[in-house]
Amino acid sequence: MKIYNTLTRQKEEFKPIKDGEVGIYSCGPTVYSSPHIGNMYAYVCWDVLVRTLKYLGYKVNNVVNITDVGHLTSDADSGEDKMEKGSKKEGMTVWEIAKKYENEFLENLKELNIETPWKMPRATEHIAEQIELIKKNEANGFTYKTTDGIYFDTAKFSDYGKFANLNLEKLREGARVEINEEKKNPTDFALWKFSPTDVKRQMEWESPWGVGFPGWHIECTAMSTKYLGETFDIHTGGEDHINIHHTNEIAQGFGAFGKISANYWMHNAFITFGGSKISKSSGGLYTIFDLKEMGFDSLAYRYLVLGSHYRKGMEFSVESLKAAESAYKRLKKYVDNFYAKGGVISDTDDNYLNKFKEKISDDLATPEALAIVWEMMKSNITEAKKIGTLLKFDEVLGLNLKNISGIIEDIPQEISLLAEERQKARDEKNWAESDRLREVLKDKGYLVEDLKNTCKILKI
Ligand SMILES: [Zn+2]
């Protein structure tokens, strides 16, 4: 597998730390508002990464954190707290806001058929780990205290800014007017912020330095190293994280452990709408559920994402989504028709499997991999082989093409999962289990009619 590594600015052969195993950390959502398609884009890209590595035979331990503690709206450790802002706006506590939008994020994962990550730690449940990490930075001489918090002294880390190719001289010159005059260098960042004395914060914790809350970046280093080790394989995030968030993660990881926390850093580009990054002002801020209301299948969006490379980003439009949906439905129809007429998968086509593998393991070349899918579907290999190969590809694509309930539309996911489980039991000739699941489905109001090697689900 080849991966483009932001650390070295080149495509490299991926070498895991531990044979056959991969640890991945992806910066997760800040749960203070509904995730839009731009937010979810990254998680589709990284789901393809996880699925590809599994396809290639690795055991994958992937962590996606939940940022449920407030970041400040500005990168410069100033401005309003996003969570507290959301709380005021909706008349709920910050804890309720966090829960509400974490649930929305999880629903989005399901809609997009994104595999549930191995671990999804919440920042608020790792305050002790964050404090520990700050203490390590402090003990190693990388921090200093100001009236509003504990800061990382970027001048103490000689490689600071190397990751992002930052021109520190220029940055220093450009930062004559510093919001926080106590900061020694403009690039210094808060590890711990003290609670203001005049307003009561909803989220604050005791610490060795005083009551307050963690800075923006420390949670990721605390949780990634807790679950994956002081050095792990892959760290992912949006390309906007390179300059500040990941640069600072690297700095404080070095401050604590004396090394760079991840060996490979992967960054996705963004979705644009009308040529600019989707935002309130430029438009395109759809959620997956908005698209659903417009009549789109959520997986059509996933298909659209696969059609462009994660490092290039993509231009989103309703027209392009329509085109993606029609291609996606054609694939799905092939599979549905095959099963509806009692088709049986014979085996897979090695030639196409190899071609597909070559593309997908070349830094996740999904557009080229999709081209192989269509080349295969249009080839003259047998239909049984085509479907078999297509379903194998789908382990990476994640388009849920073998959703056997696809024959009948609008089956709740819970039911189709049960039916799939039952089908698996049947395939394994575990009749007792398959009978048990038939009863469970019946209790839930669905009848299963067995076909040759699949089944039909009927609502009672
Ligand atoms: Zn992060």
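Suppose all protein chains stay in the model; what accessible area per residue would a 1.4 Å probe give for segment 273-354, in Å²?
On a per-residue basis, 50 Å².
List the lysines whose Cα lies under 29 Å from the Cα of residue 156, skipping any in the same chain that are fewer than 8 positions away.
Of all the lysines, those that pass the test against residue 156 - Cα under 29 Å, at least 8 places apart if same chain - are 135, 136, 145, 170, 183, 184, 193, 226, 259.
Suppose only helical runs count, i.e. DSSP H with n ≥ 4. What mean residue ellipticity at 222 nm does that imply for the chain under -39500 (n - 2.57) per run, divided by all residues and rounded to the nearest 500 deg cm²/dmol?
On the way: 15 runs with 192 residues, N = 460.
Result for the chain: -13000 deg cm²/dmol, rounded to the nearest 500.
Could you rank the peptides 219-229, 329-339 by their average count of other C-beta atoms within 10 Å per residue, with the highest value first?
Details: 219-229: 23.4, 329-339: 17.6.
Peptide ranking by packing, descending: 219-229, 329-339.
How much FRET efficiency would the formula 1/(1 + (r/R0)^6) give for residue 139 and residue 17, where r is the Cβ-Cβ distance and R0 is 41 Å, rounded to 0.05?
0.95
Taking all protein chains in place and a 1.4 Å probe, what share, in percent, of the accessible surface of the chain do carbon and sulfur account for?
49
Which value, in debye to the nearest 20, gives the size of the charge dipole of the chain about its Cα centre, when Lys and Arg are +1 and Asp and Glu are -1 at the Cβ?
920
Per residue, how many Å² of accessible area does segment 1-99 show with a 1.4 Å probe?
40
With a point put 7 Å past each Cα toward its Cβ, work out how far residue 320 is from residue 199 in nm, to one decimal.
3.8
Check which residues have an amide H placed less than 5 Å from residue 189's amide H, if you skip close sequence neighbours.
HN-HN under 5 Å from residue 189: 152, 154.
Roughly how tilted is helix 383-397, in degrees to the nearest 10 and between 0 and 90, from the longest Cα axis of the chain?
With both axes taken from Cα atoms, the answer is about 10 degrees.
In whole Hz and in residue order, list the ³J(HN,Hα) couplings for segment 27-36 that follow from phi through the Karplus curve 6.51 cos²θ - 1.76 cosθ + 1.60, θ = phi - 60°; x for Gly and Pro.
4, x, x, 8, 8, 10, 7, 5, x, 9
Given R₀ = 22 Å, what would the calculated FRET efficiency be for residue 110 paired with residue 424, taking r from the Cβ atoms and rounding to 0.05?
0.65
Working from Cα positions, state the angle (0 to 90°, nearest 10) between the long axis of helix 218-228 and the longest principal axis of the chain.
The angle comes out at about 50 degrees.
Taking the chain as the region of interest, what is the percent of Cα-Cα pairs per 10 angstrom bin, listed from the shortest bin to the one with the maximum distance?
4, 18, 27, 25, 15, 8, 3, 0
Checking the cross-link filter: which lysines have an alpha carbon closer than 20 Å to that of residue 322, excluding same-chain neighbours under 8 positions apart?
292, 332, 333
The values are calculated or read from the model by the stated rules, or taken from the named source; none is laboratory data. Source: prediction; values computed, not measured. Please note: Cβ atoms are built from the backbone with ideal geometry, for glycine as well, and neighbour counts cover all protein chains shown. The area values use the complete protein model at the heavy-atom level, side chains included, leaving out ligands, DNA and RNA. Shrake-Rupley method; radii C 1.70, N 1.55, O 1.52, S 1.80 Å.
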